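Participant: First the structure, which I've put down as structure tokens, then a few questions once you've had a look.
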Amino acid sequence: MLYARKRIEIVVEAVHAEAVTDLLDSLGAPGWTIQPVLAGRGRQGLRRGGDPGGVFDNVLVLCIASEAVAQRIAEARDELLGARPAIVSISDCGVLRGEHF
């Protein structure tokens with residue numbers, strides 16, 4: 001049996017990851033995971049991680065949450081995005097242990 005939840009994915013510069021996770025926490029997210037982004041290409045061209053200081057590296061912040069939490073995150077759009085470059089997507093997913101999310 002699967003339990004319906006929302007998958008929130010946020011790609012942001014590593015330097016802004018803590019601000020994003022603090023916001024997720026304040027909005028009731030049950031947890032999150034941060035993964036490094038090795039490379040990507042978008043509107044501003046090709047971008048590769050791995051610079052010595054990590055200043056320009058991107059990370060993926062992944063969060064699985066209820067519909068209500070996902071809605072609060074979407075409503076916090078201005079605070080989430082602000083002036084920082086980011087990609088935010090929210091999609092449907094199913095989880096095996098609904099009580100964890």
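Participant: Contact order normalised by length for the chain, with contacts defined as Cα pairs under 8 Å and 6 or more residues apart; what percent is it?
Facilitator: Working: 172 pairs, mean separation 51.0, N = 101.
It comes to 50 percent, rounded to a whole number.
Participant: Also: When only Cα pairs under 8 Å and 6 or more residues apart are kept, what is the percent relative contact order across segment 25-66?
Facilitator: Reported relative contact order: 49 percent.
Participant: Quick check for me: using +1 on Lys/Arg Cβ and -1 on Asp/Glu Cβ, what's the dipole size of the chain about its Cα centre, in debye to the nearest 20?
Facilitator: Values: 11 positive and 13 negative charges, 84 e Å.
Its charge dipole is roughly 400 debye.
Participant: Which value, in Å³ per residue, describes the convex hull spanned by the Cα atoms of the chain? Don't skip to the answer; put the middle values down first.
Facilitator: Numbers: hull volume 10.5 nm³, N = 101.
Looking at the chain, the number lands at 104 Å³ per residue.
Participant: What are the ³J(HN,Hα) values, in whole Hz, obtained from phi via the Karplus relation 6.51 cos²θ - 1.76 cosθ + 1.60 with θ = phi - 60°, for each residue of segment 80-89 in sequence order, with x given for Gly and Pro?
Facilitator: Using θ = phi - 60°, the values come out as 5, 7, x, 9, 7, x, 7, 10, 10, 9 Hz.
Participant: Rank Trp32, Ser66, Ser91 by how far each Cα sits towards the positive end of the charge dipole of the chain (+1 on Lys, Arg Cβ; -1 on Asp, Glu Cβ) and give me just the farthest.
Facilitator: Of the options given, the answer is Ser91.
Participant: What is the Cα convex hull volume of segment 9-52 when expressed per residue in Å³? Spell out each step's value before the answer.
Facilitator: Numbers: hull volume 3.9 nm³, N = 44.
That works out to 90 Å³ per residue.
Quick note: the coordinates plus some simple rules give every number you see, no bench work behind them. Fair warning: this is a prediction, and the values are worked out from it, not measured in the lab. Cβ sites come from the backbone with ideal geometry, for glycine too, and all protein chains shown count toward neighbours.
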